[in-house]
Amino acid sequence: MRGGWIESGPLDEESRIDRAAARRVLVRLARMLRPQRGAVLVATALLVVQTAALLAGPLIVRWGVDAGLVARNGRVVNAAAIAYLVVALLGAGFGRAVIWNVSRTGEDFLRGLRTRVFRHLTGLDLGFFEREKTGRLVARMTSDIDALQELVSQGLVMFVQNVLIFVGTLVVITLLSWELTLCTIIVVPPLLAASIWFRNRSNTAYLNVRDSISSNLSTLQEGLEGVRVVQAYGREGGFIERFEATNEAQYEANIETVRIATRYFPVVEFTGVLGIAVVVGAGSVLVSNDALEVGTVLAFVLYLSNLFEPIQQLSQLYNTLQSAGAALAKIFGLLDTPNSVPERPGAVDLPPTGALEVAGVTFAYGGGPPDTDGIEHPLGPTVLTDVSITVAPGERVALVGPTGAGKSTLAKLMARFYDPLAGEVSYGGVSLRDATRASLRERIVVVPQEGYLFAGTLRDNIRVGDPDADDARIEAAVDALGLREHFESLPEGLDTEVRERGSRLSAGEKQLVSLARAALADPTVLVLDEATSNLDPGTELEVERALEALTEGRTVIVVAHRLSTAARCDRVAVVDEGRILELGSHDELVARGGRYATLFAAWTRSV
Amino acid sequence: MDAEREARRAGWRLIRGATRPQWSWVAAGIAAGAAWTVARLVVPQLAGAAVDDGIRSGDTGRVLVLIAVMLGFGVLQAGASGIRRYCAFRIALRTETDLRAQLFAHLQRLHFAFHDEAQTGQLMARANSDLQQINQVVILIPLTAASLLTMLGVIVIMVSKSVVLAVLALGLLPLLNRAATVFSRRITPVNLALQQELSGLSGVVEESLSGIRVVKGFGAERMQNERLAVRADAVYERSLQAARMRAWFMPLIDLLPTISLVAIIWYGGHLVLDGRLQIGDILAYNLYVAMLIWPLRMVGMLIAQASRASAAAGRIHEVLATDPEVADPHHPVPLPPGPGDLRFEGVSFAYATGRQVLGGLDLHLRGGEAVAIVGATGSGKTTVARLVPRFYDVSAGRVLLDGVDVRDVPVAALRDEVGIVFEDTFLFSDSVRHNIAFSDPGAPFDLVERAARLAGAHGFIAALPDGYDTVIGEHGYSLSGGQRQRIAIARAVLHDPRVLILDDATSAVDPSKEHEIRSALAEVMDGRTTLIIAHRPATIALADRVVLLDEGRAVATGTHEELLATSERYREVLARIEDDEAAIEGSPS
């Protein structure tokens, strides 16, 4: 169905792209397509042949009319019919090859783009994800690439084909009769103007429709979710009126698009008739002057639709192309975002064991490249100032201090989530900046506060700790923490789907999964961010026991929110205002009577 | 199967009923469609005549006359086309809009039990995607009518000249319809599967980004990359499957009309040589075949769309056919003035699931008395509260307000005298002021402010960016649970009811702030019958009397102190509630 609704969806400011940007995108796209250039060339060649077959039809009709009907030659009529049939079959065959080739090439490209963008995305530093909104990044991988998918599966063939048909037809009819061509193409500018007018007006109108639908739907949703309050206060009438207003607004927005189409499509239809009239009228003058044969007039009438339809379709495809271009520009922007904690060329593996040493480290957030919207994030206030601490192999160190003191930041630097502005973090004498990414995550693992679960089974979730682990190793990790009984009590044991309704895991159980992951990863250094929120009393004890088993024999840095955790560690570092104020064992610090002693005294009183 | 057929039939009745008010537009649309068809059929005839009578005989004057007539019909065709399109879309949009309004109004009046069962998402789908299916079939009906007329006209014209030519030229075209139908039937499941793969892919993206700290912490980038690659491969496979179908069918759909043209050239050509046809006719027939392509494809679309639409309409009908279970009585009696004396007599209640909640409850609240109902989870406390404003009706026994069965008075009058504050507060995306005045839209501002003060809400409202005009709710400023509850209390206060029901209405209020509203609540409750469903002893203390509910009956009554002293069960229930509270709020760290 044409018109009334349009196929490619409206274009908002977000999905527009200016000419210069479009050129950059095209150049880069061409470069990216270079590995597939063979396939692109084949597809283009096929398209040209198919278009040629399409254009040959009216020429054959012309020959059949002039040499067959006018000259009264039955054999020419037969030959013309056979030729037409052959050309039509060829056209269909090539058409099939075109669709298949263009789709396959396009889908190949899209698959490559998807995996490449995602690989780049997951490889970026944590700072990047703190700057960007998750929703926008998801959109790069979904709606933006989907816009390209639409282009590949529908738009691209239509676009190229329409251009070829229009230009090809123009060339052929000019060769047949330039005089009649001149007369015919006067119909093109008004149709073109009308088509552009329609595209612009209907675009605005469809944006209105989109807004009106979303506001109507939110009234609807409110009315349904709030129905109990509405009824409790007997306000059904008022709410129905409110809905009717947004409902009518949606109708109005919709009917406006119909009005616009109602003005445009009659122009299209009249242009079609006008085209025939012009060809027949001018043709008759030319024929009577013996400048033309009647078959040519017939061929011209048949060619008319080859001139008119591309104009309508191209003006509609413009939106698809624009949004695809804008989407590509955004995707390229993402691919250009550099990783601010890259793996240095010639990076070395970290030694199997060693001390974790923080030497004179200063750090502030921000100061990285602008985000993908081009917004700068200037360097923020200093979070850590000249911090030094050495953690011996197998030692457990707790970081304590008020919120915002910099203890979490210090922990993240120890795992190279960020690089320090000044100073150095090293493991076994090798700076983390010089380490390979793989060896870094093999030695140092960070267990975040909340146990985030991915879709899949419990087993899949534990495997995050080491993708190559087999079931036996996963079960060994679970056993090592004494969690087998707990996990097997779930509906389907380790094969329980964690996201399914009814098997919702509690916050404590999520923590247990997180610890099992860490046990599977089996690093030498564990960086733990203790949960601030309290867990359900049942699992709290289990979490503590599992933690105890997990940290056994490993170097541990724990961001402690509970002093009971700190008390169990070998040493405690009191962090405040970006510095380590006190450092020593729990007993030493309590005996010293400083900051930690005060905190501890307050805490023992409250328990 | 029969049920489905019945639902579809009901769906068609619904569509017919909804389009009936627009008969004038339907008639105009059909008339315009007929005029459009006639004009379209005439133009090729004129073009053919111009070629034969004008060009071939060299009569330019006659050509000009024919062209003038042709342009006249062109104007008619264009005008009729516009009117026809406008009518078709208007009818469809009007039908969709009216049905949506009807559906919404009906849903607003349906009883609580219906909404307990129904999912918002599903009802939204009824009002959105299902109605769009209906819209599209309604558009297609008048458009297809004109298409059928066009087809009929073309067939008549061709057959009148030569039956054989008509058969040769048009014989293959039904295959076009068939091919289009088969194509859409085959590609629809593939496209659905593709959508599914795409959403699976976006699921991997979303969770990888939401869980990026885990991914980074464990170095699980490679694992997620591989999971995505699997999804990308699946998308690729599905897309190619769809492409393969397009590659088969699209060229075929384009080929069939061309074969008709070949037939016209060949057999028509020989007819011309035999003198039974003119060259102009060949031109006209060519134009006719081009004219038939869309109508034939549209008939296929209509059939597919009709099936989707009738199923959608059946689902909508099912909602509309649900009668509100709580309705005005046939012979309503007015609610007499009174102090708000509330009496439950042998009240039993079971939910639709069959779970018996109340079994023979007897309870009496004297006018102006404040009674707290205490009971373990599942004891039926909330149900007691919801029977008063008839959110549900009793299964046995009766609820009397000032001596009248609540089922005998008009629902609106009853609810006007009962104010309820729910545990889960619902606020609308609107200003604070309108949210409070929701219970009494005409209330002057000073009354709204007074209600807010009484609910202990004025302080934080005044501190909001735009005070009482601050927009809150889903699309606005977000408030804490306790703040939301205080706005809901203000709403009930403004309502000024005879009976006030606080259903766990202060559960989310920070305990340190609770004393503020407690004194305010005491003032509000003064002289009003109040039913308090409470957990916290502090809130229970607001009541004059406490009723202990156990297994759907009132098992003990007295003051808080009396019950503590005499009832073992009461102590048990309170202890359990305190345990739960402690677990929820956690111990201080």
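The values are calculated or read from the model by the stated rules, or taken from the named source; none is laboratory data. Small disclaimer: the values here were computed from a predicted structure and weren't measured. Counting neighbours? That spans all protein chains shown, and the Cβs are built from the backbone with ideal geometry, glycine included.
Quick notes on this structure:
- Residue that is hydrophobic (A, V, I, L, M, F, W, C) and closer than 17 Å to residue B:530 by Cβ, where the choices are B:487, B:472, B:461, B:420: B:420
- Listed here are the helices (runs of 4 or more DSSP H) enclosed by the range A:90-185 that have at least 1 residues being touching a residue at least 12 places away in the same chain (Cβ under 8 Å), under 30 Å from residue A:275 (Cβ atoms) and β-branched (Val, Ile, Thr): A:156-176, A:178-185.
- Listed conditions (1) touching a Phe, Trp or Tyr at 6+ places or on another chain (Cβ under 9 Å); (2) within 7 Å of another protein chain (Cβ to nearest Cβ); (3) of a type outside the set (Ser, Thr, Tyr) are all met by residue A:260, apart from (2).
- Residue B:186 within 7 Å of another protein chain (Cβ to nearest Cβ), out of contact with any Gly (no Cβ under 9 Å at 6 or more places or on another chain), surrounded by fewer than 18 Cβ atoms within 10 Å (Cβ to Cβ) and not in a loop (DSSP other than H, G, I, E, B): no
- A residue that is closer than 28 Å to residue B:435 by Cβ and either buried (at least 22 other Cβ atoms within 10 Å of the Cβ) or among the aliphatic types (A, V, I, L, M) (or both) occurs nowhere in the range A:254-263.
- Residue in the range B:316-334 that is in a helix (DSSP H, G or I) and polar (S, T, N, Q) present: no
- Across the range A:34-78, the number of residues qualifying as within 12 Å of another protein chain (Cβ to nearest Cβ) and of a type in the set (Lys, Arg) comes to 3.
- Residue count, the range B:80-93 (criterion: facing chain A (nearest Cβ under 7 Å) and touching a Pro at 6+ places or on another chain (Cβ under 8 Å)): 2
- Boolean, residue B:284 is buried (at least 18 other Cβ atoms within 10 Å of the Cβ) and under 24 Å from residue A:96 (Cα atoms): no
- Matching residues in the range B:82-98 - criterion: being buried (at least 24 other Cβ atoms within 10 Å of the Cβ) and under 19 Å from residue B:37 (Cα atoms): B:84, B:85, B:87, B:88, B:89
- Residue, farthest from residue A:212 (Cα to Cα), within the range B:94-134, restricted to residues that are within 7 Å of another protein chain (Cβ to nearest Cβ) and of a type in the set (A, V, I, L, M): B:107
- Scanning the range B:176-201 for residues that are among the hydroxyl-bearing types (Ser, Thr, Tyr) and within 25 Å of the chain's Cα centre (by Cα) yields B:188, B:199.
- Boolean, residue A:165 is under 17 Å from residue A:326 (Cα atoms) and hydrophobic (A, V, I, L, M, F, W, C): no
- Under the condition of being at the interface with chain A (Cβ under 7 Å from one of its Cβ atoms) and of a type in the set (Val, Ile, Thr), the residues counted in the range B:199-232 number 4.
- Here residue A:404 meets each of (1) more than 14 Å from chain B (Cβ to nearest Cβ); (2) more than 23 Å from residue A:571 (Cβ to Cβ) with one exception, condition (2).
- Condition check for residue A:10: modelled with pLDDT under 90 and not in a helix (DSSP H, G or I): yes
- Scanning the range A:230-254 for residues that are among the hydroxyl-bearing types (Ser, Thr, Tyr) and either more than 9 Å from chain B (Cβ to nearest Cβ) or touching a His at 6+ places or on another chain (Cβ under 9 Å) (or both) returns A:233, A:246.
- Pairs with Cβ under 7 Å, 6+ apart, first in the range A:16-31 and within 14 Å of residue A:335 (Cα to Cα), second part of a helix (DSSP H, G or I): A:25/A:325; A:25/A:328; A:25/A:329; A:25/A:332; A:28/A:332; A:29/A:328
- Taken together, A:325, A:283 contain a single residue that is in a helix (DSSP H, G or I), within 46 Å of the chain's Cα centre (by Cα) and farther than 30 Å from residue B:33 by Cα, which is A:325.
- If you check A:371, A:419 for being at pLDDT below 90 and either exposed (fewer than 13 other Cβ atoms within 10 Å of the Cβ) or out of contact with any Phe, Trp or Tyr (no Cβ under 6 Å at 6 or more places or on another chain) (or both), only one passes: A:371.
- Count - residues of the range A:439-488 that are outside any loop (DSSP other than H, G, I, E, B) and not hydrophobic (A, V, I, L, M, F, W, C): 17
- Residue within the range B:269-287 that is under 30 Å from residue A:152 (Cβ atoms), touching a Leu at 6+ places or on another chain (Cβ under 6 Å) and more than 9 Å from chain A (Cβ to nearest Cβ) present: no
- Qualifying residue in the range B:399-417 (condition: under 29 Å from the mean Cα position of the chain (by Cα), more than 9 Å from chain A (Cβ to nearest Cβ), at pLDDT below 90 and more than 21 Å from residue B:524 (Cα to Cα)): no
- Residues of the range B:116-140 classified as of a type outside the set (Gly, Ala, Ser) and surrounded by 19 or more Cβ atoms within 10 Å (Cβ to Cβ), total: 12
- A single member of A:261, A:291 is more than 30 Å from residue B:416 (Cα to Cα), at pLDDT below 95 and within 34 Å of the chain's Cα centre (by Cα), and it is A:261.
- There is at least one residue in the range A:277-299 that is over 28 Å from residue B:80 (Cα atoms), of a type in the set (S, T, N, Q) and either surrounded by 22 or more Cβ atoms within 10 Å (Cβ to Cβ) or in contact with a Leu (Cβ under 6 Å, 6 or more places away or on another chain) (or both).
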